[in-house]
Amino acid sequence: DTIINTDFAKLIAQQSKDIWNGILDELNKNSNYNTTLQLIFITGDNHLLPSFCTISRLLYSDEIIVSSVSTLLEDMRIINERLSGSKIRRQNEVTAVQNLHDYILSHLDEPLPTLHFLTQMFVVEEHILKNGFRTFFKTSVYNFYQEERLKRANLMIRQTSVSLKEIAYLNGFKGYLNFYKAFKKRFGYKPSDLSRPEEDLQP
């Protein structure tokens, strides 16, 4: 709520300005362009906050969606302790967990594949992928996917005039009713309760 009307460029630290300008150039060239990468933001008290973001252009619109997610600010010593005490010791296993994280953020508009299918996709054992994801991101694979697409939907409702049914579809829900129930359970209010850029829109 604090930053919703703030110029997005003012939130990005100088270290990420060139990256952001490059992304804008790509989005102007290709409306289907999307990427997941790390940007560094400036907090209200002028601290630097690195955060992984998924960036894409909204369908049939000039508006850009930036979903900032799962910032890990823990000391590397803590990360190393987790690794030494867990089952994800080899670098390729750690990479598989990170790749799954990035895959989810880049495919929030699609249903999440089964864990069995994901293990085949990332060539890693199921228990390593499941336990490794929880170790790094403190949640299950499905809960992460659900949380991020609902957060993305919430942002789209607040900042665009796209219909609620279309927003549900763009965030991987097969029907509006499923989206409505999940949204209300997560946030405690209905999608239609939020202020929209155009208040006369129908759900």
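Out of region 170-185, which residues are part of a helix (DSSP H, G or I), free of Cβ contacts under 8 Å to residues at least 40 places away in the same chain and of a type outside the set (S, T, N, Q)? Show your work before the answer.
Restricting attention to region 170-185, the residues satisfying the condition of being part of a helix (DSSP H, G or I) are 170, 176-185.
Still in the running and free of Cβ contacts under 8 Å to residues at least 40 places away in the same chain: 176-185.
Selection gives 176, 177, 179, 180, 181, 182, 183, 184, 185.
Which residues, taken from region 108-165, are in a loop (DSSP other than H, G, I, E, B) and not aliphatic (A, V, I, L, M)? Break it down stepwise before answering.
Quick first cut of region 108-165, residues in a loop (DSSP other than H, G, I, E, B) only: 108-114, 123-125, 138-140, 160-163.
Scanning region 108-165 gives 109, 110, 111, 113, 114, 125, 138, 139, 140, 160, 161, 163.
Is it fair to say residue 144 is touching a strand residue (DSSP E or B) at 6+ places or on another chain (Cβ under 9 Å), crowded, with 21+ Cβ neighbours inside 10 Å and in the same structural domain as residue 92 (by the TED database)? Steps first, answer last, please.
Details: touching a strand residue (DSSP E or B) at 6+ places or on another chain (Cβ under 9 Å): yes; crowded, with 21+ Cβ neighbours inside 10 Å: yes; in the same structural domain as residue 92 (by the TED database): yes.
Considered against the rule, which asks whether it is touching a strand residue (DSSP E or B) at 6+ places or on another chain (Cβ under 9 Å), crowded, with 21+ Cβ neighbours inside 10 Å and in the same structural domain as residue 92 (by the TED database), residue 144 comes out as yes.
Output the number of the condition that residue 192 fails; it satisfies all remaining conditions of (1) assigned to a helix (DSSP H, G or I); (2) over 20 Å from the mean Cα position of the chain (by Cα); (3) buried (at least 17 other Cβ atoms within 10 Å of the Cβ).
All conditions pass for residue 192, except number (3).
Since residue 92 meets every condition but one in (1) part of a helix (DSSP H, G or I); (2) modelled with pLDDT under 75; (3) not assigned by the TED database to the domain that holds residue 160, which condition does it not meet?
(3)
Condition test on residue 75, is it modelled with pLDDT of 85 or more and surrounded by fewer than 17 Cβ atoms within 10 Å (Cβ to Cβ)? Lay out the reasoning, then the answer.
Working: modelled with pLDDT of 85 or more: no; surrounded by fewer than 17 Cβ atoms within 10 Å (Cβ to Cβ): yes.
Judged against the criteria, residue 75 is not a match.
Within region 11-33, count every residue that is open to solvent by 30 Å² or more (accessible area, probe 1.4 Å) and in contact with a helix residue (DSSP H, G or I) (Cβ under 6 Å, 6 or more places away or on another chain).
Qualifying residue count for the region: 1.
Quick check on my filter: what residues within region 34-52 are loosely packed, with under 13 Cβ neighbours inside 10 Å and among the hydroxyl-bearing types (Ser, Thr, Tyr)?
Of everything in region 34-52, just one residue is loosely packed, with under 13 Cβ neighbours inside 10 Å and among the hydroxyl-bearing types (Ser, Thr, Tyr), namely 43.
Can you tell me which residue in region 149-163 is nearest to residue 111 (Cα to Cα), limited to those that are open to solvent by less than 60 Å² (accessible area, probe 1.4 Å) and in contact with a Lys or Arg (Cβ under 9 Å, 6 or more places away or on another chain)?
Once the filter is applied, the top-ranked residue is 150.
Can you pull out every residue in region 148-164 that is touching a residue at least 60 places away in the same chain (Cβ under 8 Å) and among the hydroxyl-bearing types (Ser, Thr, Tyr)? Even if it seems obvious, please write down each step before you answer.
The initial filter retains those residues of region 148-164 that are touching a residue at least 60 places away in the same chain (Cβ under 8 Å), namely 148, 151-152, 155-156, 158-160, 162.
If the condition is that a residue be touching a residue at least 60 places away in the same chain (Cβ under 8 Å) and among the hydroxyl-bearing types (Ser, Thr, Tyr), then 160 is the only one that fits.
The values are calculated or read from the model by the stated rules, or taken from the named source; none is laboratory data. Predicted model, so just to flag it, every value in this text is computed and none were measured. When we count neighbours, we look across all protein chains shown, and the Cβ atoms used for this are built from the backbone with ideal geometry, even at glycine. Ligands, DNA and RNA are excluded from the accessible area calculation, which covers all protein heavy atoms including side chains. Shrake-Rupley method; radii C 1.70, N 1.55, O 1.52, S 1.80 Å.
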